[in-house]
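The values are calculated or read from the model by the stated rules, or taken from the named source; none is laboratory data. Owing to the predicted nature of the structure, the values given are computational and were not obtained by experimental measurement. Here the Cβ positions follow ideal geometry from the backbone for every residue, glycine too, while neighbour counts run over all protein chains shown. Ligands, DNA and RNA are stripped out before the accessible areas are found, and what is left, the full protein with its side chains, is counted by its heavy atoms. Shrake-Rupley method; radii C 1.70, N 1.55, O 1.52, S 1.80 Å.
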Amino acid sequence: MRAGKIASLALVPVMAGIASAVYLASEGIAGQGSTTPFWNLAITAGLAAVAFLVVLVPVGIQHDRSLAALKSFIESASADESVAPYVGPRWMHPITAAFTGEVDKFRQREQSLQNQLRDLEIRHRVSEAERRQVESVLNVLRDAVLVTDAFNEVSMGNQRAADVLGFDLSEAIHQPIDRLLSEERFSQMIKDVRESGNINDCRHVEYELPARVGEADGTTVFEVAMSCVENHKNEVAGVVTVLHDLTRERELAQMKTDFVSKASHELRTPLSSIRAYVEMLVDGEAADEKARDEFYQIIYDETDRLGRLIDNMLNISRIEAGIVQIEREEVDVKALIDRAVSTIEPQATDKGIAVNTRVADVDLRVEGDADMLFQVVLNLMSNSVKYTPEGGRLTVSADSDNLTRSTVVSVSDTGLGIPPDALPRLFEKFFRVENYKRVAKGTGLGLSLCKHIVETVHRGQIGVESKLGMGSKFWFTIPMRYEGSRAAA
Ligand code: ADP
């Protein structure tokens, strides 16, 4: 309340006192002609009003000022950095000093809370960034990874884990595992590892899970590794579970076993033959010079076959292992075909097989390894001669395919053709059509090597079309990358 307002309020009883005194006095004069009782009363009222004016109004004004000073002091305390000194009456000083002290303490506390808040914000951002980094690492892994906390709730995982275990990753965080995973035994395993509390122990088990959408039917076998994780107090804070798909490894192991057994079988056949003929020669079982020459020839052919087998096996495994030496250069397919035709012609002529070439008059240069590509053409032509009866025909063609920007080479014959059930397996290692084993000697590795040279080394394609009894057409394509790579350079 302002001083003016107090003064004007105080004026009301004063004016009332004066007015009542004047009224009473005039009443006394008019009524009785005597002054004593009325004047006394009027004077008393007047004095009371004056006393009120003199004493109470200044006190009110002073009080009003003190309150205004206190108000502005409190306002400055709540708004400013530093509290303005209090300029009110002295008796208020202990109160304002205590207030200032409390405000200072409050400010210090506020400052420390703000510092803590900033620290927490920084830590939160750092841990959020770390979490995102860990998540990105987890998501590039092929293995499924699931991290659970001390309450058996999911704290982290990757998409592979969601796919393999069949849950929605976006809703998995903080979900209890037994609610999330349909495999009860699997969640129990995680709980057991957590309860064991053994931080140094990593449990490895094989676990079969049903194949999920997009995968093969049936089940998939995983190698599951489970390990406890500890917090800064060395207490068990959760479990990390890693699932490693063993399907591919088992397939590879099976392939290796098959290869070793097939290779040893194929190697044993010529070796046993060589051994038998050598024994016969040593035992003097060759009756005459002619028989001995025949034995020597067989031994020579078998060692030759053995050599080819070993060479082919080595070449295939070198290409598969990616350690083959490739001499990339500009290869003129026309020249390469001419060379192969002149190499095969004596063999073909012996069998009365006509060799034709149909090479398009276009640029047929490719970028590749000339020796390897020569081996492919020669292999296909040699097979045609082997599996075409006398008097047949063999045609080598080459043209460019502008659509795929590649050179297409094909070798067709009028030979035995290939049974339909053998077609899908023709390029497998050691595969030979059972009925043709007597027709010609072979290793069953030639076409597999051709496929590796064309597809793995030159990024081309190889295929076959055939009708039983009507002949076969083997073809392959090599990208014309020589020009392309020049243009790109
Ligand atoms: P091989 O050394 O036995 O010829 P390949 O890998 O070159 O081995 O061929 C695999 C099998 O494919 C052969 O054993 C043969 O049964 C069949 N084959 C290949 N080329 C022809 C062809 N032109 N006509 C008929 N059968 C063929």
Answer with yes or no whether T220 is within 30 Å of Q175 (Cα to Cα), at pLDDT 90 or above and of a type in the set (S, T, Y). no
Of the residues R107, R125, which single one is out of contact with any helix residue (DSSP H, G or I) (no Cβ under 6 Å at 6 or more places or on another chain) and open to solvent by 100 Å² or more (accessible area, probe 1.4 Å)? R125
Let me confirm something: among K256, K262, K290, which residue is open to solvent by 70 Å² or more (accessible area, probe 1.4 Å) and either on the phi > 0 side of the Ramachandran plot or touching a Phe, Trp or Tyr at 6+ places or on another chain (Cβ under 6 Å) (or both)? K262
Which pairs have Cβ atoms under 6 Å, sit 6 or more apart or on different chains, and link a residue in region 56-75 that is touching a residue at least 24 places away in the same chain (Cβ under 8 Å) to one that is among the hydroxyl-bearing types (S, T, Y) and open to solvent by 90 Å² or more (accessible area, probe 1.4 Å)? none
Within the group R179, R194, R160, which residue is open to solvent by 70 Å² or more (accessible area, probe 1.4 Å) and among the charged types (D, E, K, R)? R179
Among the residues of region 236-253, which ones are open to solvent by less than 90 Å² (accessible area, probe 1.4 Å) and touching a residue at least 12 places away in the same chain (Cβ under 8 Å)? V236, A237, G238, V239, V240, T241, V242, L243, H244, D245, L246, T247
Does region 452-476 hold any residues that are buried (at least 22 other Cβ atoms within 10 Å of the Cβ) and near the ligand (Cβ under 9 Å from one of its atoms), and which are they? G471, S472, F474
Filter region 320-376 for residues that are hydroxyl-bearing (S, T, Y) and part of a helix (DSSP H, G or I) and give the result. S342, T343, T349
So is V433 buried (at least 16 other Cβ atoms within 10 Å of the Cβ), aliphatic (A, V, I, L, M) and more than 12 Å from the ligand (Cβ to nearest atom) or not? no
Tell me yes or no: at least one residue of region 289-303 is in a strand (DSSP E or B), free of Cβ contacts under 8 Å to residues at least 60 places away in the same chain, out of contact with any helix residue (DSSP H, G or I) (no Cβ under 8 Å at 6 or more places or on another chain) and basic (K, R). no
Please specify each residue of region 28-60 satisfying the condition of being modelled with pLDDT under 75, surrounded by 12 or more Cβ atoms within 10 Å (Cβ to Cβ) and among the aliphatic types (A, V, I, L, M). I29
Restricted to region 384-396 and to residues being open to solvent by 30 Å² or more (accessible area, probe 1.4 Å) and more than 12 Å from D350 (Cα to Cα), the residue nearest to the chain's Cα centre (by Cα) is Y387
Which residues, counting only those in region 401-430, are surrounded by fewer than 18 Cβ atoms within 10 Å (Cβ to Cβ) and more than 16 Å from the ligand (Cβ to nearest atom)? D401, N402, L403, T404, R405
